[in-house]
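As C-alpha cells, the structure follows; a few thoughts come after it.
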Amino acid sequence: MALALLLFGGGLVFDESRTIVKLWPYEIIGIFVLVIFSFVYQFEKKEFSTKQLTLIAMLSGISAVLRIPFSNFQGIQPCTTLIICSGLVYGPIAGFFVGALTPFVSNFFLGHGPWTPLQMIGWGLPGLAAGYLGKKDINFKFIIVFAVAWGFLYGWIMNIWHFAFFVKPHTFETFVRTYVLSIGWDVSHAFGNGLFMAIIGERTIKILTRYKKRFTIERM
Amino acid sequence: MLELVYKRKRSVFHDASPFLKMSWLFSILMISIIFEHPIILSIIFLSSLLMAFVSKIFYDWARVMKLVVFFVPFVILFNLLVNANGETVLWQLPFRIPIFGILNITLEELAFSLTMCIRIAAILGAFAVLNLTTDPDDLLIAVTKLRLPYKSVVVTSLSTKFVPVLFSDLKNIQEAQRSRGVDFSKGKLYDRIKKYGAIFFPLLSKSLDRSVQIAESMETRGFGRYEKRSFYKDTKISASDILLIVVSIAPLIISLYMVSQGVGVFKFYQKIDSLIKSSSEAYYILAILLVQVFLLPLLKIKERMAYD
C-alpha cells in the first residue's frame, strides 16, 4: 500500500525552474495501472467467500448501470453515493473494487480509452477511504461532506490526464490554469454527489447493512 | 443509449483470436501515446478506419467518431485559454485577464490542438473497433489465460454480464412505478432525485437477492474448489495467429527504434516544425504505414482459408 501511494506521488515532480519533470502521458497511465494492480494483489490475498464476490460484482454492476443513463448530465451521478455506501458497510478493499469496476464495466458501453485507469482510481479511492471511515462511529452529515469532497478530488485526478495529454508546455502556470478551468465541472459533480448522498444515502446504508447481517456468521 | 455493444457478426476481425485484437490495440495505443507527429497519428487513425471497414462495422464506428467532432472545439478553446505560446500570432485580446494573462490565438496552438484531436480520434477509434467486435467474455477468458489473478477476473466478468440484465430490470421497475403514478419527468432536481429513489431501492434489494442466488449456484458447480480453473470454451492460438500478432506488433517495434534513434520528434512550440525533416524519417513513417496496411490482406487470406 505504501508503495502504491509512493508511486502515486511520484507522478508529479516539480523542478526548480518550475517545470514539471517528465510528465509523459504514458508514464502517468503506467503509474495508475500499477496502483490498480497493487490493489488487485491485495484483493487476491484476502479471503473472500463466494457470496461476497458476487455481492461486489453485483454492486459494481448496479453502479455501472446507474452511470449510463446519467452520462449526459456532466457530473450529476449516483455512482459515488453507492460506492461510498458499499465502502462504509463492506470494508476498504471491497469498496475499492466496487469503485474501480464501475468505470471499467460501464466503459464497455460508453467507450474505453486511456482515461479508464484514472477513472478507476478516481472512483476506487473514495470506496477505500470510506472503508476506513466505516470502522469508526461517524455522523451522517460528515459522510455528506466526504462525498462532496470526493467530487472535487475526482475532478482533480481526472485533470492530471487532461493536463498530460492535451496541454503541451508542462509548466507550473499551465498546470494552475488547467485546474482553474475545471472548477465549473468539479462544482457540479460535487453538488450532485452531495445531493444524492443526502437524499438516498441513509437508506442505502441501511439496506446494505441488512444484507451484510443476513449472510455473516458470528461465533459466540 | 447503449451504442457500443458487441453484436454477433461474421467477419475476419470478429472471428480473430482475442490475443490478436489485444496486441493490435496495444500497439496502436502505444504508438499514439509515444508520438506527437501529425502524419504518424493520421496513419494510426487510418489503420483503425480500415479495420472498421474490413470488419463491417463502419456505420456503428462512424457514430462513435461523431463524438470526436464534438470534442474538437472544446480542445481548441481549452488550449487557447491555457497556453500563451507560439510565434505566429493570429489574433490577440487587447487586455489582460487576472490568472490567465495575455490571451492570444497562435498558429502553433491551433496546430497542436488539431493534432491532439487526431490522436484522440485514433485512440477512440481503435477502442471502438475492439468494443464492437469482441465479446467481453472472450476478452476476459484471454486475460485469465495470461495468468492474471483469477478472482478479480471472475468478479469483473460477472459484473459485465449483469449489466444488460440490470438494465432491463431498471426499465421494468421504472414502468411499474410509472403505472403507480410516479412521474419521473416533472419536478425540481431535489424532487426528481427523491423520485429516483423509487427506482433505486427496489433495484438494489432485488439485485442483492439475485447475487445471493448466483453465489449459491456457483458453489454447487464447485467454484473455488480447485486452485486452477477449467474452461467450458477454450481459446487456442494457431500458427497463423502468431504470425498476425507479430505483424500487428511490428509497427510498435519500428516506432520504438525510431524513438531510440531520435527520429520522429515533432515540436509545436515556439515555432512549428516542418512535417518531414529528413529522408530517414520519411522512410520510417512509410514502413509503419506499410506494416499497418499489410495486416489487412493477411486477414483477408485467413478469411479465405477459413470460409472457403
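The values are calculated or read from the model by the stated rules, or taken from the named source; none is laboratory data. What you see is a predicted model, and the numbers here were worked out from it, not measured in a lab. Glycine gets a Cβ as well: all are built from the backbone with ideal geometry, and neighbour counts include every protein chain shown.
Scanning region B:220-239 turns up one or more residues that are polar (S, T, N, Q), in a helix (DSSP H, G or I) and over 26 Å from B:A16 (Cα atoms). Residues that are surrounded by 21 or more Cβ atoms within 10 Å (Cβ to Cβ) and modelled with pLDDT of 85 or more were ranked within region A:130-143; the one that is nearest to A:K212 (Cα to Cα) is A:G131. Among the residues of region B:3-34, those that are among the charged types (D, E, K, R) and more than 27 Å from A:I29 (Cα to Cα) comprise B:K7, B:R8, B:K9, B:R10, B:D15.
For region B:255-308, the candidate set comprises residues that are at pLDDT 75 or above and β-branched (V, I, T); within that set, the residue that is farthest from B:S11 (Cα to Cα) is B:V259.
Tell me, please, whether a residue that is farther than 22 Å from B:K151 by Cα and at pLDDT 80 or above can be found in region A:68-75. Within region A:68-75, not a single residue is farther than 22 Å from B:K151 by Cα and at pLDDT 80 or above.
When A:S106 is tested against (1) within 30 Å of B:L80 (Cβ to Cβ); (2) surrounded by 20 or more Cβ atoms within 10 Å (Cβ to Cβ); (3) within 8 Å of chain B (Cβ to nearest Cβ), just one condition goes unmet, and that condition is (1).
Among the residues of this structure, B:V153 does not count as one that is assigned to a helix (DSSP H, G or I), under 18 Å from the mean Cα position of the chain (by Cα) and at negative phi. Could you list, in sequence order, the residues of region B:193-211 that are more than 33 Å from the chain's Cα centre (by Cα), more than 7 Å from chain A (Cβ to nearest Cβ) and over 15 Å from A:M58 (Cβ atoms)? Matches in region B:193-211: B:K195, B:A198. Candidates in region B:120-140 are the residues that are among the aliphatic types (A, V, I, L, M) and within 12 Å of B:F13 (Cα to Cα); of these, the one that is nearest to the other protein chains (Cβ to nearest Cβ) is B:L130. Within the set A:F70, A:F37, the sole residue that is under 25 Å from B:Y190 (Cβ atoms) and either out of contact with any helix residue (DSSP H, G or I) (no Cβ under 7 Å at 6 or more places or on another chain) or not hydrophobic (A, V, I, L, M, F, W, C) (or both) turns out to be A:F70. When region A:169-220 is filtered for residues that are under 25 Å from A:L133 (Cβ atoms), of a type in the set (F, W, Y) and over 19 Å from the mean Cα position of the chain (by Cα), the ones remaining, listed by number, are A:Y211, A:F215. The single residue among B:Y196, B:Y283 that is surrounded by fewer than 14 Cβ atoms within 10 Å (Cβ to Cβ) and either outside any helix (DSSP H, G or I) or free of Cβ contacts under 8 Å to residues at least 40 places away in the same chain (or both) turns out to be B:Y283.
Only one of the listed residues (B:I57, B:I33, B:I40) is in the same structural domain as B:L132 (by TED's automatic domain parsing) and either under 14 Å from the mean Cα position of the chain (by Cα) or within 13 Å of B:L299 (Cα to Cα) (or both). That residue is B:I33.
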